[in-house]
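The next block holds one structure in the form of structure tokens; read it before the comments.
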Amino acid sequence: MTRLDKNGLEWSVFAIALLLVLATFGYLVREALTTDSGPPDVAVSLGPPTRGAGGHLVPVTAENHGTGTAEEVRITVRLEGRGPGEEAVLVVPYLPRGSRRSGWVTFRSDPAAGSLRVAGVAFQAP
Amino acid sequence: MVGPHDPPACGSLPGGFLLHAEHRKVSDSLEEYGRGIAGGLLFSLPLLYTAEVWDAGFFIPPHRQLAYLLGTFVLLLGYNRYSGMHPHARWIEVVIDSVEEMGIGLVLGALLLLALGRLTPELGLDEVMGRVVVGALTVAIGVSVGTAQLGGDPQQRGTEEREVGFGGQVVLGVCGAVLVAGNMAPTEEIVLIGLELPPLQLAALALFSLLLGLLILFFSDFRGARRWVGPATGIGRLRGAIVTYAVALLASAVSLWLFGRFDHVPLAGVVGQTVALGVAATLGASAGRLLLQQ
């Protein structure tokens, strides 16, 4: 009779390894078959402002719901109030599909006294 | 894993069929895993500490990651078949060990990337998978080499009775080339060298690589050279060095393609990068190949 001389530990490691390798293989096959080279789709949301030493901090979160990676994402946030208004730009180097990146923009004036909005989002394909 | 610490299998027949076999001791297995982990880290740490590899998760499209996975598996099969395991090991044992090493590579690679803070909740699933796959597959080759090479007695692995023909030598040459050049393939430096060097200097680099192979294989009494390369005439030596360099160039080109270094690059850039990486790959295909057979 033919048999391999592995012990229980080795068979367990093999079973887990087989599962991992097959799962990775299956995932990549599925991705390779379903991924199309569509454009990135970046959604930006702003969080509640907080007061910091350098001004008022506004959290910015960018999420890519599209199928392609966005590179050099420039998010312009505008604070409009009574005066001329302020603008701050956040640059995210890479925003792969399905991922999220967070950062902050700062303003000298208090955002509570005006209105905050995302004035523009620009990015390029890698 | 079936490796250098195999107990003398009772009733082992040529071809590896065991009439009766005892289970290996758990302590032996643990020692082997320890060597595998050491080898995995030894050969792949530079890669896991490279920013280009972290970005590779979203630069390398899934079909290329798939090719990377399959290519690594073929290399593991080749290494285990021709050097890592006892010459009488059956193919099923070679496959089982290769799967095991790949699994250990994936876990080890993922844990290390996690420890380095390179896997965060902000990343998308395919970015995480890309980082882990690209980082972990070199770990898997390291695990395989470490398990077999870093411990035990070469006699137990059957190196004394092994005969590896031309095909096996080519496979081990590719393994050596990938082990040495794989850590450099994803870096920006190869792109810079490949695109900036003038043609004449690239030709000199190619000639240098060829001479390096010739020196290691035939003129430096390198360990294992006499046995695996053998005495050769002038023409034979030149042929050996040329085949080694061809293997190195092939391994370089495939590695660079996998990392997307040939995308939107003119032919001159493709050749330049391949020659630039070819120096390291030649070192792996000659010195690395001989060391892998010890």
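The values are calculated or read from the model by the stated rules, or taken from the named source; none is laboratory data. On a predicted model such as this, the values are computed, not experimentally measured, just so you know. All Cβ positions, glycine included, derive from the backbone under ideal geometry; neighbour counts span all protein chains shown.
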Inset, instruction - Return yes or no: is B:GLY240 buried (at least 17 other Cβ atoms within 10 Å of the Cβ), free of Cβ contacts under 8 Å to residues at least 60 places away in the same chain and in a helix (DSSP H, G or I)? - result: yes
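One line per residue, one yes/no per condition, for (1) over 12 Å from B:ALA177 (Cα atoms); (2) out of contact with any Leu (no Cβ under 7 Å at 6 or more places or on another chain):
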{"residue": "B:PHE219", "(1), (2)": "yes, yes"}
{"residue": "B:ALA232", "(1), (2)": "yes, yes"}
{"residue": "B:ILE235", "(1), (2)": "yes, yes"}
{"residue": "B:ALA241", "(1), (2)": "yes, no"}
{"residue": "B:GLY269", "(1), (2)": "yes, no"}
{"residue": "B:LEU283", "(1), (2)": "no, no"}
{"residue": "B:GLY288", "(1), (2)": "no, no"}
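Take A:LEU116 and tell me if it is farther than 30 Å from B:ARG64 by Cα and either small (Gly, Ala, Ser) or crowded, with 18+ Cβ neighbours inside 10 Å (or both). Quick ask: steps written out before the conclusion?
Values: farther than 30 Å from B:ARG64 by Cα: yes; either small (Gly, Ala, Ser) or crowded, with 18+ Cβ neighbours inside 10 Å (or both): yes.
Judged against the criteria, A:LEU116 is a match.
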Inset, instruction - Being among the hydroxyl-bearing types (Ser, Thr, Tyr) and under 18 Å from B:MET102 (Cα atoms) is the filter; apply it to the stretch B:143-172 and report the residue that is modelled with the lowest pLDDT. - result: B:THR147
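When you go through B:ALA185, B:ALA177, B:ALA206, B:ALA140 one by one, which is the residue that is buried (at least 24 other Cβ atoms within 10 Å of the Cβ), assigned by TED's automatic domain parsing to the domain that holds B:ALA251, assigned to a helix (DSSP H, G or I) and at pLDDT 85 or above?
Details: B:ALA185 fails: assigned to a helix (DSSP H, G or I); B:ALA206 fails: buried (at least 24 other Cβ atoms within 10 Å of the Cβ); B:ALA140 fails: assigned by TED's automatic domain parsing to the domain that holds B:ALA251.
Result: B:ALA177 is the single residue among B:ALA185, B:ALA177, B:ALA206, B:ALA140 that is buried (at least 24 other Cβ atoms within 10 Å of the Cβ), assigned by TED's automatic domain parsing to the domain that holds B:ALA251, assigned to a helix (DSSP H, G or I) and at pLDDT 85 or above.
Here is a list: A:ALA23, A:ALA43, A:ALA32. Which entry is under 19 Å from B:VAL128 (Cβ atoms), of a type in the set (A, V, I, L, M, F, W, C) and more than 9 Å from chain B (Cβ to nearest Cβ)?
After applying the criteria, what remains is A:ALA23.
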Inset, instruction - Can you confirm whether the stretch B:102-120 contains a residue that is in contact (Cβ under 8 Å) with a residue 12 or more places away in the chain, more than 14 Å from every other protein chain (Cβ to nearest Cβ) and either outside any loop (DSSP other than H, G, I, E, B) or at positive phi (or both)? - result: yes
Inset, instruction - Only residues that are in contact (Cβ under 8 Å) with a residue 12 or more places away in the chain and surrounded by fewer than 17 Cβ atoms within 10 Å (Cβ to Cβ): list them for the stretch B:46-60, please. - result: B:PRO46, B:TYR49
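Looking at the stretch A:8-17, is at least one residue crowded, with 18+ Cβ neighbours inside 10 Å, aromatic (Phe, Trp, Tyr), within 14 Å of chain B (Cβ to nearest Cβ) and out of contact with any Phe, Trp or Tyr (no Cβ under 6 Å at 6 or more places or on another chain)? Can you show your working first?
First, pick out the residues of the stretch A:8-17 that are crowded, with 18+ Cβ neighbours inside 10 Å: A:10, A:13-14, A:17.
Retained after the next criterion (residues that are aromatic (Phe, Trp, Tyr)): A:14.
Now drop any that are not within 14 Å of chain B (Cβ to nearest Cβ), which leaves A:14.
The next check asks that each one be out of contact with any Phe, Trp or Tyr (no Cβ under 6 Å at 6 or more places or on another chain); those that pass are A:14.
Yes: one or more hits.
Residues of the stretch A:18-55 being assigned to a helix (DSSP H, G or I) and surrounded by 15 or more Cβ atoms within 10 Å (Cβ to Cβ), which ones?
A:LEU18, A:LEU20, A:VAL21, A:THR24, A:PHE25, A:TYR27, A:LEU28, A:GLU31, A:ALA32
Within the stretch B:224-237, is there a residue that is part of a helix (DSSP H, G or I), closer than 14 Å to B:ALA285 by Cβ and not assigned by TED's automatic domain parsing to the domain that holds B:LEU69?
Yes, some residue in the stretch B:224-237 is part of a helix (DSSP H, G or I), closer than 14 Å to B:ALA285 by Cβ and not assigned by TED's automatic domain parsing to the domain that holds B:LEU69.
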